[in-house]
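Here it is: the structure, laid out below.
Each value in this text was obtained by applying a stated rule to the coordinates, not by laboratory testing. These figures come from a predicted structure and were not determined experimentally. Every residue, glycine as well, gets a Cβ built from its backbone with ideal geometry; the counts of neighbours run over all protein chains shown.
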Amino acid sequence: MSFLVSLRRYPLVVATVVVGLVTAALWLAGADDAARWLGSGFALLVAARQGWGMVRDLVHGKVGLDVLAVIAIVSTVVVGDFAAALVVVLMLTGGEALEDYAGNRAQAELAALLAGRPQEATLDDGGTLRRVPADQVVAGDVVVVRPGEVVPVDGTLVTATGVFDESSLTGESLPVTRSAGDDVLSGTVVGADLVRLRATATAADSQYQQIVDLVRGAAESRPEFVRLADRWSVPFTVVSLLIAGIAWAVSGDPMRFAQVLVLATPCPLLIAAPVAFLSGTNRATRHGIIVKTAATLEQLARIRTVALDKTGTLTRGAPEVVRVVPAPGRAADEVLRLAASAEQASAHVLAHAVVAGARARGLEPAAADGLREVVGSGVEARVHDAGRDRTVVVGKVGYVLSLAPDALAPDLEPGELAVLVAVDGAYAGAVVLADALRADAADTIHALRDGGVEHVMMLTGDAQVTAHHVAAEVGIDDVRAGLLPADKVAAVSSAQPRPVLMVGDGVNDAPVLAAADVGVAMGARGSTAASQSADVVLLHDRVSDVSRSARIARDTVGIAKQSIWLGIGLSVFLMLVAAFGVIPAVIGALLQEVVDLVTILNGLRARGRADAVTVPAPAPVRRAEVPEPVR
């Protein structure tokens, strides 16, 4: 169907087919002269049209390969082989339609993402629902999204819980459950129940629109590698004319000149490489990797140095509960549940981690009131538990010791942080937190080295001890710690060998991402500044996609080069055979169509298999130091 659409877009292709059929009918009916005049005249008109375009290109300093097709048409008409001339015309005019068809195949997922952009939204205006264009939603509006609808803007969930399908946005196949207060990204699809969310951005500033803009830029870009294909036009034209001229001179038969040139068409050079790059960009998008410009794929394929930030890149970037150390006579679950009950009203980052840790273990916090938060120390609250009230204190060692003298700080492993818990003035236990290393961090470093990366380094603003501890866990030898953003830029600018890839996620990483040969921003919920400065944005919050993107790039560039050389090699071989007069011009033109198809189909291999995106299995939690935030 898409190929038929391409035909409608290119009426010259249809005209060529019609003229060819009429010419064939005239020849079969015995009207040889009429067939010759119709076929030859139409072919010359097309040659004149292409020649005029070629002259305009030359005026602008561009030498294209269409000169070979024009010469082939004219030479076949001169020697009286109008059938071969029409086949060359069909090949020439059909190239655009074929390229359009291949491009549509390669960009299927990109088109789906663009088409899925939400157009309308339902606002809850004090109990009255009204439908408005999505671009009229402003921050603070309450948006109602029905089951099966696409979330139109970024927002926070107002409904207690909601189930969302994020596969069209991130590639994850399983539905995701969000709770009240959680961020919800535009572009996700609501599950079985209606949800309400409070908009935090307009449609133009929402995550989905940013991704659409990135994808559009990727689809419209043309990398330097593909432009390099045009540089082969002059030598390829010279070689083709040389072979054709020698064949004519040696044989004395001008037909040899035409027979050679019909096989010297430019389609493999002009179509195969762009198709490969479009296919590679499409493959990356399917895995949740947005490559802003197709030229980045070429750079990714050549990466020799990789620099990574620590927090949020190699580590998760947020504290997590890793274990609970209860006091004698206390149960670990009881200690964690009481701590979460007291912390649930606090906005502190550690409070969120404690509450999330409890809920992850199926422990629902009890009702609490009377919260008293001491900045820099901890919280105290009255918890209503099992029919009685308890005074629960959670916080730093010194603060809890002042209220529960029997409190004891637990033994901690490197990179761990403990908050102590006291109940009714008695020590109850400790909740141990850590910024866990990503389960796929070490494997990613190994995969990068296996893919040809020679130098891996960590660039972080953290202390030396912390940085070296994390680096040792993942296998990085070159550690630069205590760096300011300017220091990171200097480190990347001087890094060798090049090209250099930098991976980060925060606002402070934006300058170094822009300075790197290839900047990669981690995670769909990462810093907007980092995403805008980066060349690649990873929608999945996993560092393994760094090595995946490099592998896709290597495959894409390899297939693009292979397609170019395959087309050139087949064309030159067939030209040499045709120089001996064994391939009639009309057969040669048909064979060149086969060469075109072979190279284009080879370029489409860069799309890869339509395999599902896999999520790495959970690994034992490793620790990175969590600096204690000021409460």
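Compare the Cα positions of Val383, Val432, Ala491 along the charge dipole of the stretch 370-514 (+1 at Cβ of Lys, Arg; -1 at Cβ of Asp, Glu; about the Cα centre) and return the one farthest towards the positive end.
My answer, from the dipole projection, is Val383.
Spelling out what I want: for every residue of the stretch 381-391, take phi, set θ = phi - 60°, compute 6.51 cos²θ - 1.76 cosθ + 1.60 (Karplus), and round to whole Hz; glycine and proline get x.
Computed from phi, the couplings for the stretch 381-391 are 8, 9, 9, 8, 10, 6, x, 9, 9, 10, 8 Hz.
Could you rank the peptides 241-253, 126-138, 455-467 by their average count of other C-beta atoms within 10 Å per residue, with the highest value first? All intermediate terms of the calculation are to be shown ahead of the outcome.
On the way: 241-253: 15.6, 126-138: 12.5, 455-467: 19.5.
Sorting 241-253, 126-138, 455-467 by mean packing, highest first, produces 455-467, 241-253, 126-138.
What does the charge dipole of the stretch 351-465 about its Cα centre add up to, to the nearest 20 debye, if the Cβ of each Lys and Arg holds +1 and the Cβ of each Asp and Glu holds -1? The partial results should precede the final answer.
Details: 9 positive and 17 negative charges, 73 e Å.
Charge dipole of the stretch 351-465: 340 debye, to the nearest 20.
Sticking with this structure for a sec: Out of every Cα-Cα pair in the stretch 279-410, what percent are more than 21 Å apart?
Values: 4794 of 8646 pairs.
So the pairs more than 21 Å apart make up 55 percent of the total in the stretch 279-410.
Taking the Cα centre as origin and putting +1 on Lys and Arg beta-carbons and -1 on Asp and Glu beta-carbons, what dipole magnitude results for the stretch 255-329, to the nearest 20 debye?
On the way: 9 positive and 3 negative charges, 19 e Å.
That gives the stretch 255-329 a dipole magnitude of about 100 debye.
If N is the number of residues in the stretch 389-444, what value comes out of its Cα radius of gyration divided by 2.2 N^0.38 Å? Mind showing how you got there, number by number?
Details: Rg = 14.8 Å, N = 56, 2.2 N^0.38 = 10.2 Å.
Computed over Cα atoms of the stretch 389-444, the ratio equals 1.45.
Now for a different question. Could you tell me the center-to-center distance, by alpha carbons, between the stretch 417-455 and the stretch 293-328 in angstrom?
12
What dipole magnitude, in Debye to the nearest 20, does the stretch 531-583 give about its Cα centre under +1 on Lys/Arg Cβ and -1 on Asp/Glu Cβ? Don't skip to the end; give the middle numbers.
Working: 5 positive and 4 negative charges, 28 e Å.
Here the size comes out at about 140 debye.
Taking 4 °C and 1.567 mPa s as the conditions, I'd like the Stokes-Einstein D for the stretch 548-608 in µm²/s, using the Kirkwood hydrodynamic radius from alpha carbon pairs.
The Stokes-Einstein estimate is 102 µm²/s.
Give me, ordered by chain and number, the residues 5 or more places off Asp541 or on other chains with an amide H under 5 Å from its own placed amide H.
Placed amide hydrogens put Ala524 under 5 Å from Asp541.
Ok, one more. Toward the positive end of the charge dipole of the stretch 302-377, about the Cα centre and with charges on Cβ (Lys, Arg +1; Asp, Glu -1), which of Thr315, Val355, Ala339 goes farthest?
Thr315
Output wanted: per-residue J couplings in Hz (rounded whole) for the stretch 294-301, from phi through Karplus 6.51 cos²θ - 1.76 cosθ + 1.60, θ = phi - 60°, x for Gly and Pro.
5, 4, 4, 4, 5, 4, 4, 5
Whose amide H sits under 5 Å from the amide H of Gly155, counting only residues 5 or more places off or on another chain, with H placed in the peptide plane?
Excluding prolines and chain starts, which carry no amide H, the hits are Val184, Ser186, Thr200.
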